[in-house]
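Colleague: Below is a structure I'd like to ask you about.
What follows draws every value from the coordinates through simple rules; no lab data is involved. Source: prediction; values computed, not measured. All Cβ positions, glycine included, derive from the backbone under ideal geometry; neighbour counts span all protein chains shown.
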Amino acid sequence: MGFKKVKFNPENDLGFGTQAVVKNQRLINQDGSVNVKRKGLSFFDTSNNYHTLITMRWTKFWLLVLSGYIIINLLFTVVYLLLGAEHLAGSEGRTPVEHFFDAFFFSAQTISTVGYGHMSPSGIATNAVAAFESMMGLLTFALATGLLYGRFSRPTAKIIYSKHLIVAPYGENGLGLMFRLANQRRSSLIDLQVELNLSYVEEVDGKPVRRFVQLELERKRVSLLSLNWTVVHPLDEHSPLKGVTYEDMIKAQVNFTVLLKAFDDTFAQTVHSRTSYQSDEIVWGAKFSPVFERDGEGQIVLDLSKISAHERVEINQLLLV
């Protein structure tokens, strides 16, 4: 049957325009990042350095900090050796390898301004290099501390989403398109608002054009996310998905994007979260399994490992058409 015709509303465009994507690529990745490559900037452009350092993975961040620390010390080690190991008073090295390690550890003490007193610079040139290194160390550690604080203090939402959208029984003899979410942190999320947007490709004058439709939800907002939230789009006569088959979705390169906004009382700021689903991530005929239970004292226990748990159920295929 195909998609139900809805009036085109430019405000539904998420900012990607009407250009159709190829190979059914996601507009928004599952981790919330935008699936757009950028080019045209100079190799020496620094406008994205701070964003990159703040948002990169922790493992990569620590490897970068450790690598920078070692490289800087190696550079100053070479300088001290070029000036002569004899200008490091207290150095006990006798071989080139021992001189190298003496210079390296003297550099590490100088850059951190520790200075154990065992070795000290002698001569104007060596003292000048040590003074410059100590200044560089203060600036470098101040920069690293600022980045570390920025990474910890950056307001982010840690929302866990179900791996699949499901088509499940809903209401009285109806069906609904559903996904489930929960807060991974112990913080309180207040005044949550969610949007579920459908994008698909249709032929307009022989050209593929991407359309965006904001799907109506059973509930668009909740006051407090204390447990999990199952977001439901009723597949009723008003839904643009009424009568759409799996084959129709594949042909139209269907993509569902989720936009979530909430107020985090820990950061005292508004936080955002995004994810997306594709047509092959829809389970037709299922229902979510319970995600919480009660312990021996009657307290509710939320099991986040079950956020995607679902079981198969029979649905009336006639309700899809």
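Colleague: Once Lys and Arg get +1 and Asp and Glu get -1 on their Cβ, which of 241, 144, 28 lies farthest toward the positive end of the dipole of the chain?
Modeller: Comparing the listed Cα positions along the dipole, 241 ranks first.
Colleague: Looking at this model, which pairs from 163/220; 220/287; 220/242; 37/158 are more than 22 angstrom apart at the alpha-carbon?
Modeller: Working: 163/220 20 Å; 220/287 20 Å; 220/242 20 Å; 37/158 25 Å.
Beyond 22 Å: 37/158.
Colleague: So which chymotrypsin sites (Phe, Trp or Tyr not before Pro) in the range 223-321 end up in coil per DSSP with only 14 or fewer other C-beta atoms within 10 Å? Provide the component values of the computation, followed by the final result.
Modeller: Values: sites: 229, 246, 256, 263, 267, 277, 284, 288, 292; in loops: 267.
Counting only loop positions with at most 14 other Cβ atoms within 10 Å, the chymotrypsin sites (Phe, Trp or Tyr not before Pro) in the range 223-321 are 267.
Colleague: For each of 301, 129, count neighbouring Cβ atoms within 10 Å of the residue's Cβ, then give the residues from fewest to most.
Modeller: On the way: 301 9, 129 20.
Going from least to most buried by this count: 301, 129.
Colleague: Where the convex hull is taken over the Cα atoms of the range 156-227, what is its projected area averaged over directions, in nm²? Walk me through the numbers on the way to the answer.
Modeller: Details: hull surface 29.1 nm².
Hull-based average projected area comes out at 7.3 nm².
Colleague: In terms of Cα to Cα distance under 18 Å, which aspartates and glutamates are near enough to residue 251, apart from those fewer than 8 places away along the same chain?
Modeller: 202, 203, 205, 280, 281
Colleague: Okay, next question. Would you be so kind as to identify which of 91, 101, 118 lies farthest towards the positive end of the dipole of the range 28-119, taking Lys and Arg as +1 and Asp and Glu as -1 on Cβ and the Cα centre as origin?
Modeller: Going by the Cα projections, it comes out as 101.
Colleague: Further question on the same structure: Based on the alpha carbon coordinates of the range 115-250, what radius of gyration and maximum Cα-Cα distance (Dmax) apply, in Å?
Modeller: Spelled out, the Cα radius of gyration and Dmax of the range 115-250 are 28.3, 90 Å.
Colleague: Moving on to the next point. May I ask you to list the aspartates and glutamates whose Cα is less than 15 Å away from that of residue 306, ignoring any residue fewer than eight positions away on the same chain?
Modeller: 293
Colleague: Filter the GluC sites (Glu not before Pro) in the range 164-235 to those in DSSP coil with at most 14 other Cβ atoms within 10 Å of their Cβ, and list the result. Spell out each step's value before the answer.
Modeller: Numbers: sites: 172, 195, 202, 203, 216, 218; in loops: 172, 216, 218.
When the GluC sites (Glu not before Pro) of the range 164-235 are filtered for loop state and at most 14 Cβ neighbours within 10 Å, 172, 216, 218 remain.
Colleague: For the range 210-257, max minus min Cα coordinate along each principal axis, in Å, sorted largest first?
Modeller: 39, 21, 18
Colleague: So how compact is the range 49-153: Cα radius of gyration and Dmax in angstrom?
Modeller: 15.7, 49
Colleague: Roughly what percent of Cα-Cα pairs across the chain reach past 26 Å? Write out the running numbers ahead of the final one.
Modeller: On the way: 32354 of 51360 pairs.
The share of Cα pairs beyond 26 Å in the chain comes to 63 percent.
Colleague: Treating the Cα atoms of the range 191-278 as identical point scatterers in vacuum, please give the log10 of the normalised Debye intensity I(q)/I(0) at q = 0.14, 0.19 Å⁻¹, two decimals.
Modeller: Per q value, in the given order, log10 I(q)/I(0) is -0.60, -0.93.
Colleague: Work out the length of the dipole vector of the chain about its Cα centre, built from +1 on the beta-carbon of each Lys and Arg and -1 on the beta-carbon of each Asp and Glu, and round it to the nearest 20 debye.
Modeller: Details: 32 positive and 31 negative charges, 116 e Å.
Charge dipole, the chain, about its Cα centre: 560 debye, nearest 20.
Colleague: Toward the positive end of the charge dipole of the chain, about the Cα centre and with charges on Cβ (Lys, Arg +1; Asp, Glu -1), which of 304, 201, 49 goes farthest?
Modeller: Positive-end residue among those listed: 201.
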